[in-house]
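Report on the following structure.
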Amino acid sequence: MKFKLACADFTFPLLPHRQALELIATIGFEGVDIGLFEGRSHLRPSQEFKQLGRSARRLKKQLDDVGLKAADVFLQTHADLGPFTVNHPLATHRRKARDWFVKTLEYTSLCAGRHVTILPGITFPDRESRPDSLARAIDELSWRVEQARQHKITIGVEAHIGSIVPQPKLAAKLVERVPGLTLTLDYTHFTRTGKADSEVEPLMRYASHFHVRGARRGRLQERFALNTIDYRRVAKAMQQTGYRGWVGIEYVRMDWQHCNECDNLSETILYRDLMRSLST
């Protein structure tokens with residue numbers, strides 16, 4: 001299978017957004033994963049949604065100008081996980097999260113995108129039991145799937161460190177309990193905790209978007225030379241499950257989990273070349 005390769009715009013936060021898009025196109029990517037992260041990305045929901053139509057059309061024109069497609073729009077509603085997570089115990093917080101999600105669907109549609117990534121929620125051990133947090137997450141994610149269906153957009157959740165589904169089996173159970181929900185699959189969150197590729201691999205059948213970068217036990221993001229994820233095995237799993245989504249190279253630069261210690265440009269090119277070599 002021939003991979004459709006994308007690169008995240010938030011890989012290059014030190015560049016103005018237009019220059020980040022130009023760089024991504026220059027180094028040969030077809031698509032871009034757009035970060036819509038409140039407080040820490042080029043494009044921030046609170047700003048983009050003030051004049052949503054104008055903002056989305058501006059982004060679409062920039063993408064067209066440099067020859068990129070919107071592979072994914074990744075919504076994060078706060079720089080911290082908790083305040084506006086999908087399953088927050090307070091209804092007022094959930095209403096804001098819902099409002100921004102609906103706006104993200106419209107924004108994505110105007111950019112000609114067909115995929116949105118969100119986070120699956122967290123637990124609130126000081127307020128309630130995990131089953132209660134999980135039940136609310138399932139309700140909220142089910143509502144989002146229905147909203148996305150109206151826009152013909154696929155929703156993927158990223159099972160991540162600190163989420164309500166930090167282990168592969170828990171991520172699988174969540175998706176199975178929310179018909180229509182998919183995964184934006186990123187092995188690195190599991191590799192960081194010592195999970196073997198074989199433990200993560202069963203999640204491939206739920207994946208609609210995929211993140212690639214280096215990782216190893218103890219490091220969420222690592223250089224190509226020290227990476228322990230077998231992406232050749234990953235490519236075979238994609239072929240076996242008939243994966244047809246985008247493959248996004250996703251190096252990030254932030255002062256968290258040692259994610260400011262890689263040369264993002266060089267690592268992105270190395271993984272671009274690896275995934276190209278694995279295309280058939």
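The values are calculated or read from the model by the stated rules, or taken from the named source; none is laboratory data. The shown structure was predicted, so the numbers you read here are calculated from the model rather than taken from an experiment. All Cβ positions, even for glycine, are placed from backbone atoms using ideal geometry, and neighbour counts span all protein chains on display.
Filtered by the rule that a residue be part of a loop (DSSP other than H, G, I, E, B) and under 26 Å from Ala148 (Cα atoms), the range 180-196 gives Gly180, Leu181, Tyr187.
Filtering the range 218-229 for residues that are touching a residue at least 12 places away in the same chain (Cβ under 8 Å), at positive phi and under 18 Å from the mean Cα position of the chain (by Cα) leaves an empty set.
Of the residues making up the range 245-280, those that are at pLDDT 95 or above and of a type in the set (Lys, Arg) number 2. Among residues of the range 190-212 that are closer than 18 Å to Thr228 by Cα, those with a beta-carbon under 8 Å from a residue that is of a type in the set (Lys, Arg) and part of a helix (DSSP H, G or I) at least six positions away or on a different chain give the pairs Asp197/Arg233; Glu201/Arg233. The set of residues from the range 9-60 being over 20 Å from Met254 (Cα atoms), among the small types (Gly, Ala, Ser) and either under 18 Å from the mean Cα position of the chain (by Cα) or part of a loop (DSSP other than H, G, I, E, B) (or both) comprises Gly28, Gly31. Scan the range 164-187 and give yes if some residue there is surrounded by 23 or more Cβ atoms within 10 Å (Cβ to Cβ), at pLDDT 95 or above, of a type in the set (Gly, Ala, Ser) and closer than 30 Å to Leu226 by Cβ, otherwise no. Checking the range 164-187: at least one residue is surrounded by 23 or more Cβ atoms within 10 Å (Cβ to Cβ), at pLDDT 95 or above, of a type in the set (Gly, Ala, Ser) and closer than 30 Å to Leu226 by Cβ. Each residue in the range 106-116 was checked for being out of contact with any Leu (no Cβ under 7 Å at 6 or more places or on another chain) and outside any helix (DSSP H, G or I), and 4 pass. If you check Glu140, Glu146 for being under 19 Å from Thr184 (Cα atoms), part of a helix (DSSP H, G or I) and more than 19 Å from the chain's Cα centre (by Cα), only one passes: Glu146.
Return the residue satisfying two criteria in turn: it lies in the range 8-66 and is touching a helix residue (DSSP H, G or I) at 6+ places or on another chain (Cβ under 7 Å) and hydroxyl-bearing (Ser, Thr, Tyr), and of such residues it is surrounded by the most Cβ atoms within 10 Å (Cβ to Cβ). Checking each candidate, the answer is Thr11. Residue-level check: of (1) assigned to a helix (DSSP H, G or I); (2) of a type in the set (Lys, Arg); (3) over 20 Å from His151 (Cα atoms), Lys103 misses just (3).
Number of residues in the range 110-141 that are of a type in the set (Gly, Ala, Ser) and surrounded by fewer than 18 Cβ atoms within 10 Å (Cβ to Cβ) equals 3.
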